[in-house]
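**Q** Attaching a single structure in structure tokens format; questions to follow.
The values are calculated or read from the model by the stated rules, or taken from the named source; none is laboratory data. Everything numeric in this text was worked out from a predicted model, so none of it was measured. All Cβ positions, glycine included, derive from the backbone under ideal geometry; neighbour counts span all protein chains shown. Each accessible area value is taken on the protein alone, full model and side chains, heavy atoms only, with ligands, DNA and RNA left out. Shrake-Rupley method; radii C 1.70, N 1.55, O 1.52, S 1.80 Å.
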Amino acid sequence: INIPLTMECKFGTKGQHLQCLLDVNDKGRGIKVENINDFGGPSLTVNRITIKGGNSGTDGDRSYVRDGAGMYIDNSGVNLNNCEINQNEAQYTGGGFYIKGSSKVTINYSTVSANSAMYEDGGGGFYITGSSTLTINYSSVSANSAYETYLGGGFYIKEYSTVTITHS
């Protein structure tokens, strides 16, 4: 794989942008990005994709995974533009996103909704740990839930992580 990598839906028959759907249908995580970092910018750019139906309780026939049902991002740079991350369920933490290590994630013009974290530290929409940075611009984060309400239905931020939200 060449870095940086871009995932994108191209134009439809009449020039309109399409929104691609990645429906995991409770069969594992939506996308896992681990240890790919182009320190001059993002390693992965995702454009116009809906990720739904992720479930971090199973990962096919392989070992049991617990965190990050929509996206699991570890020590990587990721940009998301015009995406929807919804209806994902983590068995433990990070229903929509599990962001750890020294990751740098930027989300623009996107929606993160109806994701849930069932146990442990929560973070229905986002679970952010390590020294990660998350920047959200012109986006919506709504109707996410955690098993215990004090564990961050929308966000659970710990350790040295930082979050910046603008125009959202």
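**Q** Taking Gly94 as the residue in question, decide whether it is out of contact with any Pro (no Cβ under 6 Å at 6 or more places or on another chain) and buried (at least 23 other Cβ atoms within 10 Å of the Cβ).
**A** Yes; evaluated as a whole, the condition is true for this residue.
**Q** Looking at (1) out of contact with any Pro (no Cβ under 6 Å at 6 or more places or on another chain); (2) at pLDDT below 95; (3) of a type in the set (S, T, N, Q), which is the one condition that is false for Ser43?
**A** All conditions pass for Ser43, except number (1).
**Q** Determine the pairs where a residue that is farther than 16 Å from Ser131 by Cβ, located within the range 154-166, has a partner that is assigned to a loop (DSSP other than H, G, I, E, B) with Cβ atoms under 6 Å apart, the partner being 6 or more residues away or on another chain.
**A** Gly154/Gly125; Gly154/Asn144
**Q** Further, regarding this structure: Would you confirm whether or not the range 11-30 contains a residue that is assigned to a strand (DSSP E or B), surrounded by 12 or more Cβ atoms within 10 Å (Cβ to Cβ) and modelled with pLDDT under 60?
**A** The answer is yes; a qualifying residue exists.
**Q** Those residues that are open to solvent by 70 Å² or more (accessible area, probe 1.4 Å) and part of a loop (DSSP other than H, G, I, E, B), I need them from the range 150-168; list them, please.
**A** Scanning the range 150-168 gives Glu159, Tyr160, His167, Ser168.
**Q** Here is a further query. In the range 75-91, which residues are within 11 Å of Ala146 (Cα to Cα) and open to solvent by less than 10 Å² (accessible area, probe 1.4 Å)?
**A** Answer for the range 75-91, where residues must be within 11 Å of Ala146 (Cα to Cα) and open to solvent by less than 10 Å² (accessible area, probe 1.4 Å): just Ala90.
**Q** Which of the residues spanning the range 56-84 are over 14 Å from Ile99 (Cα atoms), part of a strand (DSSP E or B) and at pLDDT 90 or above?
**A** Asn81, Glu84
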